[in-house]
Amino acid sequence: LYSKNLPAHDFRVGMAAFKMGKASAHSRRLDDAKAYYKQALIGFKSEDGRNHRIELATRALLVSTLESMGKSEEATEHCIAIGQMTPWNPTQSPKPLYRLEPRYPKEAAREGINGWTKLSFSISETGFVEDIKLIERSNRVFDKVSIEALKNWRYSPKFVEGKAVKAENLTLRLDYKLAV
């Protein structure tokens with residue numbers, strides 16, 4: 001109703017599309033979610049930055065949706081836009097925009113083994129994870145699944161003086177704990 005009676009750049013159209021995108025994603029209708037999120041971005045355009053937070057949230061959901069659809073290259077423009085909109089905080093670990101949880105190794109599950117891995121990695125200028133190295137571990141059974149999972153994560157890139165740059169020497173700990 002809004003999209004038929006209001007201009008595409010109206011905030012109300014953006015909010016309606018945002019909510020429809022979330023509902024579609026929840027129902028695993030990812031093509032619909034993608035279209036709604038893109039429509040929402042049009043509704044959230046503002047010169048004064050008043051819609052900054054909702055635009056960031058929409059782009060983050062769009063990255064997650066596109067990655068779930070296997071469309072990493074299409075998600076890149078939104079990773080970059082988020083990086084441009086968000087200052088890099090060197091005192092905090094970056095938060096992934098898309099995260100694929102590692103699978104618990106069957107061998108570890110059968111034997112009731114809990115554990116962890118600590119990895120170092122870089123984030124490319126386009127938000128892809130690179131240069132993954134195992135630093136420490138509690139048990140080698142978690143090595144491969146940790147590295148394979150991290151390869152699929154996406155981040156917003158670091159920006160320095162308006163330009164995307166590689167973020168290096170980041171660390172992450174993945175914990176594995178069986179439910180009781």
Starting from segment 1-28, keep only residues that are within 15 Å of Ser46 (Cβ to Cβ) and touching a residue at least 12 places away in the same chain (Cβ under 8 Å), then list their pairs with residues that are loosely packed, with under 15 Cβ neighbours inside 10 Å and charged (D, E, K, R) whose Cβ atoms are within a distance under 7 Å, requiring at least 6 positions of separation or different chains.
-> His9/Lys45
For the subset of segment 110-128 comprising residues that are open to solvent by 20 Å² or more (accessible area, probe 1.4 Å) and either of a type in the set (Phe, Trp, Tyr) or in contact with a Phe, Trp or Tyr (Cβ under 7 Å, 6 or more places away or on another chain) (or both), which member is nearest to Lys163 (Cα to Cα)?
-> Phe128
For Arg99, state whether it is under 14 Å from the mean Cα position of the chain (by Cα), open to solvent by less than 40 Å² (accessible area, probe 1.4 Å) and among the basic types (Lys, Arg).
-> no
Could you grab me the full set of residues in segment 1-21 that are open to solvent by 90 Å² or more (accessible area, probe 1.4 Å) and assigned to a helix (DSSP H, G or I)?
-> Tyr2, Lys4, Asn5, Arg12, Lys19
Going through segment 58-86 in order, the residues found to be surrounded by fewer than 16 Cβ atoms within 10 Å (Cβ to Cβ), among the aliphatic types (A, V, I, L, M) and over 20 Å from Leu100 (Cβ atoms) are Met85
Given (1) in contact with a Gly (Cβ under 6 Å, 6 or more places away or on another chain); (2) closer than 24 Å to Val160 by Cα, index of the condition Arg53 fails | (1)
All positions within segment 136-180 that are open to solvent by 80 Å² or more (accessible area, probe 1.4 Å) and either closer than 25 Å to Asn114 by Cα or among the hydroxyl-bearing types (Ser, Thr, Tyr) (or both) | Glu136, Arg137, Arg140, Lys144, Glu148, Lys151, Arg173, Asp175, Lys177, Ala179, Val180
Give segment 159-176 a look and list any residue that's of a type outside the set (A, V, I, L, M) and either outside any loop (DSSP other than H, G, I, E, B) or touching a His at 6+ places or on another chain (Cβ under 9 Å) (or both), or say none.
-> Phe159, Lys163, Glu168, Asn169, Thr171, Arg173, Asp175, Tyr176
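Here is a yes/no grid of residues against (1) at pLDDT 95 or above; (2) of a type in the set (S, T, N, Q):
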| position | (1), (2) |
| --- | --- |
| Gly112 | no, no |
| Phe121 | yes, no |
| Phe128 | yes, no |
| Ile135 | yes, no |
| Lys144 | yes, no |
| Trp153 | yes, no |
| Lys163 | no, no |
| Asn169 | no, yes |
| Val180 | no, no |
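The values are calculated or read from the model by the stated rules, or taken from the named source; none is laboratory data. Keep in mind that this is a model prediction, so the values were computed, not measured. Counting neighbours? That spans all protein chains shown, and the Cβs are built from the backbone with ideal geometry, glycine included. The protein model used for the area step is the full one, side chains on, heavy atoms only, and it has no ligands, DNA or RNA in it. Shrake-Rupley method; radii C 1.70, N 1.55, O 1.52, S 1.80 Å.
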